[in-house]
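FYI, it's all coordinate maths here, none of it is from the lab. Every value quoted in this text rests on a predicted model; they were computed, and no experiment measured them.
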Amino acid sequence: MRFTDVLLSGLLTASTTSAHVIQPRRAPAVKASPARLAAAAPGECTFWAAPEPGDTCQTFADWWLVPLDRLRLMNPSLYCPSGNSPIFSGTEWCVEMPELPTTTKPATTSTSTTTSRGPTATSTAPSGPEPTQPNVTKDCKAWHKVVSGDGCQIIVDRYRTFTLSQFYSWNPDVGNTCAGLPLDTYVCVGVTGTPTSPPTTEPTDPTKPSPTQPNVTKDCKAWYKVVSGDGCQVIVDRYKTFTLSQFYSWNPDIGNTCAGLPLDTYVCVGVTGTPTTTQAPDPSKPTPTQPNVTKDCKAWYKVVSGDGCQVIVDRYKTFTLAQFYSWNPDVGNTCAGLPLDTYVCVGVSGTPTTTPVPTGTPTPSPTQPNVSKDCKAWYKVVSGDGCQIIVDRYRTFTLAQFYSWNPDIGNTCAGLPLDTYVCVGVTGTPTTPPVDPNKPSPTQPNVIKDCKAWYKVVRGDGCQSIVDRYKTFSLTQFYGWNPDVGNTCAGLPLDTYVCVGVTGTPTQPTPPKPTVTGTTPPTPVQSGVSKTCNKWYYVVSGDQCVAIASRFSITPANFFRWNPAVNTACSNLAVSVYVCVGST
């Protein structure tokens with residue numbers, strides 16, 4: 001079954017990188033060659049595929065294991081100002097090209113495309129494509145199929161070979177306000193004498209990166225690529241060499257409310273006369289920080305999951321909550337803006353700049369009446385804590401020890417007191433957790449301590465596919481060993497080790513049928529497999545086409561080329577048969 005990546009925003013943490021959640025795709029790729037009108041030259045492209053409804057530029061590129069920038073270069077007419085931009089499912093795009101295009105090919109009278117930078121218009125015989133509007137100019141030599149999201153100015157900006165007035169004159173049914181622009185219909189984008197490619201001066205500017213917005217100032221001398229979490233004021237604050245008004249004037253497509261700030265796209269951050277580099281960073285200041293943190297900060301703390309403003313204040317005990325808020329005004333006065341994985345100020349001139357070493361003397365307040373008199377380290381209980389959670393956080397004592405130091409809690413944790421200090425160390429208790437030499441890195445924070453076998457998650461994996469690969473544990477067991485994954489697999493982390501075996505569980509996968517080499521096909525074999533195949537893989541339940549390709553270091557395009565009976569949605573991949581994973 002074919003899958004597509006769905007980005008889980010906001011699940012990034014300091015200890016693990018969120019994976020793409022793999023969801024089933026609904027339909028195979030479109031195969032009609034006329035749908036390739038917008039893509040690269042057929043003679044150069046070696047594999048075509050159509051996106052599915054709902055795909056973005058990034059998810060389509062990820063499915064085919066093609067970098068987004070390369071996808072853009074292989075498809076000059078592909079409009080992908082950011083990875084989140086929609087990609088239109090009615091068109092096949094090039095996903096494999098041995099050599100990227102470097103020259104522009106002349107237009108011909110037959111249907112063709114060019115490899116010039118910018119969108120490619122369809123050149124046809126005088127009759128033109130279908131459908132068109134009734135009164136389109138008879139002299140039209142190039143066509144563009146209107147898709148969702150298009151506008152007249154957008155089309156003009158995309159081609160850059162004609163003006164808006166010319167576009168209206170060639171397409172009179174559109175009107176002079178673009179009210180009649182027809183969806184899924186061809187409009188004229190070139191007549192006799194109209195250039196077939198945009199001017200070469202701007203695209204060949206070696207100082208201009210790609211992609212940028214259409215109307216960015218021509219005098220730009222410095223660029224910045226927008227990333228997740230950016231805002232216009234955030235960018236201005238980062239550079240401190242221009243005002244917000246200047247930033248808007250250099251990047252008019254953003255608008256004056258920052259609504260059009262484009263993700264994964266370069267914006268202008270300096271023109272002639274403006275400093276073209278960010279102010280020299282303060283070597284004593286870590287990154288990232290919030291924009292308005294006090295300039296007099298001398299000590300920093302990186303916020304982690306579970307922190308709160310009072311928790312941080314209680315941890316340092318060298319400043320008050322009011323001081324913390326004043327040094328970190330972006331946090332607000334209710335702690336609503338406390339930023340995960342970001343450094344906040346925990347000390348200024350005259351404030352102690354180091355965390356006090358816990359000594360157990362004096363005893364903090366409040367505590368429970370019967371806490372151990374020998375306590376040397378304390379922890380303030382916050383909402384959501386549990387006794388085992390505290391033990392797991394420190395990993396320097398057992399649950400039994402914790403109960404013995406804090407007898408008022410009881411031996412079921414029923415008496416754990418909120419907003420009260422409990423003992424987490426006595427004389428002789430280690431102050432740092434032990435390092436497990438048999439544990440790989442990275443792993444998720446709350447993976448089971450008894451793990452004996454590990455698996456590194458790769459692109460295309462899913463929880464069920466991992467279970468199906470090992471066949472030594474159930475999906476419920478997998479979730480139990482890896483609680484940060486959740487019970488829907490939403491937190492499965494890419495490039496991170498997950499537990500696939502504990503004490504008493506076989507620590508090796510059930511041996512699968514071996515990969516076979518040689519030109520003689522093993523049995524049973526997928527129908528229609530390539531005659532030149534010399535390497536074979538036995539498909540098991542849970543396998544996915546892209547995961548198989550990734551495992552054998554081949555491209556998805558080659559996998560589908562060598563196994564033509566499998567559609568590019570992977571929805572008809574047969575189980576318990578051999579497929580081709582190598583060819584001469």
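The figures follow:
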read-out: Radius of gyration and maximum dimension Dmax of the range 300-339, Cα, Å; value: 9.2, 22
read-out: Debye equation applied to the C-alpha atoms of the range 471-584, log10 I(q)/I(0) at 0.11 Å⁻¹; value: -0.45
read-out: Kirkwood hydrodynamic radius of the range 376-485, Cα pairs, Å; value: 16.3 Å
read-out: Set of lysines with alpha-carbon distance to Lys535 below 19 Å, sequence-local pairs under 8 removed; value: Lys513
read-out: Under-5 Å amide H pairs with Gly582, H placed in peptide plane, nonlocal only; value: Asn534, Lys535
read-out: The range 398-413 - phi-based ³J(HN,Hα) in whole Hz, Karplus 6.51/-1.76/1.60, Gly and Pro as x; value: 9, 4, 5, 5, 4, 5, 5, 6, 10, x, 5, 6, x, 9, 10, 6
